[in-house]
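A.B. asks: My questions all concern the structure below.
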Amino acid sequence: MEPYSCDTFVALPPATVDNRIIFGKNSDRLCDEVQEVVYFPAAVHDNAREHLQCTYIDIDQVPETSAVVLSRPAWLWGAEMGANEHGVCIGNEAVWGREEVCDEEALLGMDLVRLGLERADTAEKALTVIVDLLENYGQGGNCVEGRMAFSYHNSFLIADRKEAWILETAGRHWAAEKVQEGVRNISNQLSITTKIDREHPDLRNYAKQKGWWDGKKEFDFAATYSYLDTAEMLLSPGRYCEGYKLLNKHKGNITFETMMEILRDKPSGINMEGEFLTTASMVSILPQDSNLPCIHFFTGTPDPERSVFKPFIFVPNVSQLLDTSSPAFELEDPVKKKPRFQFKPDRRHPLYQEHQQALEVIDKKEEKAKTMLDNMRKLEKELFKEMESILQNKHLDVDKIVNLFPQCAKDEIRIYKSNTSP
């Protein structure tokens, strides 16, 4: 099993039911890293000279940014995965290849996820935002909180109501593949081969200069920019191949619940355990009918098999997600002060704290564990039924939806407290 990992999936009609695009991601990170679920409203930035502080560097701000909901490691500015008010979803992966990884501080791939969501209203526009920022600012810097140096290039799966794009990078160079039907997944390896729909203008010439490609045989991005034998890519053991198999097993009948089952699958390694584990998960329903709302489910806690997928829908005046927001340390944050990472603060949010206590009970007390897990699944099933009703009846009670995710988090905490109290 690969030590550094994430898995992102998309399924489009005719692989899905009811003309929906289904997006899903497991974020696999260091086991003690807290991931929060946070909401930022749309904003207007009047000052043309305004700068935006990302995780490590400042960049130029844009006049307007969209509302976003993000699942992110609590120590950084960007996000592992998220969605915006226009129905665009993005997840990223760590990838390596022949191109050297840059340790110098630049934009993290996770910063690029958030920037793509804040600045674009379609998947392809988000791709353009990301590659333009990559060209202007580069990617690099430590991707974990602490003194252990861990950097990588990034791949992205970007989806909206109509299509999806795979974007894979090597330094400032990149290739992109458009996905209009069926299924596609990405993991911690380059996966774009000869179907390249957009690319960096110097992608092929750079490969020739490096001696990676002779300029004669058909250009295969993954084979050229990494050490993969792409002919064996879907046959070799590993999470990319396992994810591909799971998607194809359900092809034609994929629902949001199917995607959650895939993210919960432990035999395949998709639901990771160990030093690197699945610290948070996300599944989104993107109906092709624009009259229907997109629905985004987040866990905000580790191990999707022992977590609750809670729904979020964009409506005006959404309540803040306090139970999944980590404490803010502002200027005292060791990420913002140089030298960085001199100490590690407690970033656990209320839901995370209660969930950790619940996991201890699940591991030690069989009877209580069964009661708790049954109640978690019951809550989840009720939520799924409610969301399905919204999609079928095309009716949204906005007054209720503003508190949808916060109320779900409170209901989940109530389950944990009732089973962890003496």
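A.B. asks: Given 5 Å bins starting at zero, what is the percent of C-alpha pairs of region 358-420 in each, up to the one with the largest pair distance?
C.D. replies: Whole-percent P(r) values from 0 Å outward: 4, 16, 23, 20, 14, 10, 7, 5, 1.
A.B. asks: Apply the Debye scattering formula to the chain, with a single equal point scatterer on each alpha-carbon and no solvent, then give log10 I(q)/I(0) at q = 0.06, 0.12 Å⁻¹.
C.D. replies: Ignoring solvent entirely, the Cα scatterers give -0.23, -0.96.
A.B. asks: Let me ask something else about it. Using the structure shown, select from Lys310/Lys400; Lys249/Lys378; Lys125/Lys178 the pairs with a Cα to Cα distance greater than 19 angstrom.
C.D. replies: Lys249/Lys378
A.B. asks: Quick check of the Kirkwood formula: for region 310-350, what is the inverse mean of 1/r over all pairs of different Cα atoms, in Å?
C.D. replies: After inverting the pairwise mean of 1/r, the radius is 12.7 Å.
A.B. asks: Per-residue counts of other Cβ atoms within 10 Å, averaged by peptide: what ranking do you get for 31-43, 168-180, 332-344, highest first?
C.D. replies: Highest to lowest by the protection proxy: 168-180, 31-43, 332-344.
A.B. asks: Taking all protein chains in place and a 1.4 Å probe, what share, in percent, of the accessible surface of region 358-420 do carbon and sulfur account for?
C.D. replies: 49 percent
A.B. asks: Take the Cα pairs of region 143-192, get the Kirkwood Rh, then feed it into Stokes-Einstein at 20 °C and 1.002 mPa s and tell me D in µm²/s.
C.D. replies: The Stokes-Einstein estimate is 172 µm²/s.
A.B. asks: Per residue, what accessible area does region 358-420 have, given a 1.4 Å probe and all protein chains present, in Å²?
C.D. replies: Roughly 60 Å² per residue, with all protein chains present.
A.B. asks: Which whole-percent values make up P(r) of region 174-272 when all C-alpha to C-alpha distances are grouped in 5 Å steps starting at zero?
C.D. replies: Percent of pairs per bin, in order: 2, 12, 19, 20, 16, 13, 9, 6, 3, 0.
A.B. asks: So what's the back-of-envelope 222 nm ellipticity for the chain, counting only DSSP H runs of four-plus at -39500 (n - 2.57) apiece and dividing by all residues, rounded to 500?
C.D. replies: -9000 deg cm²/dmol
A.B. asks: May I ask you to give the solvent-accessible area per residue for region 141-196, in square angstrom, as obtained with a 1.4 angstrom probe?
C.D. replies: For region 141-196, the per-residue accessible area is 29 Å².
A.B. asks: Does anything in region 157-173 have its amide N under 19 Å from the 7 Å Cα→Cβ label point of Asn205, and if so which residues?
C.D. replies: 170-173
A.B. asks: Now a separate question. For a quick check, take a GNM of the chain with Cα springs below 10 Å and name the residue from Gly78, Gly146, Gly300 with the largest mean-square fluctuation.
C.D. replies: Gly146
The values are calculated or read from the model by the stated rules, or taken from the named source; none is laboratory data. In this text the structure is predicted, and so the values were computed from the model without any measurement. Neighbour counts are summed over all protein chains in view; Cβ atoms, including those assigned to glycine, are modelled from backbone coordinates with ideal geometry. Surface accessibility is based on the protein's heavy atoms, side chains included, excluding ligands, DNA and RNA. Shrake-Rupley method; radii C 1.70, N 1.55, O 1.52, S 1.80 Å.
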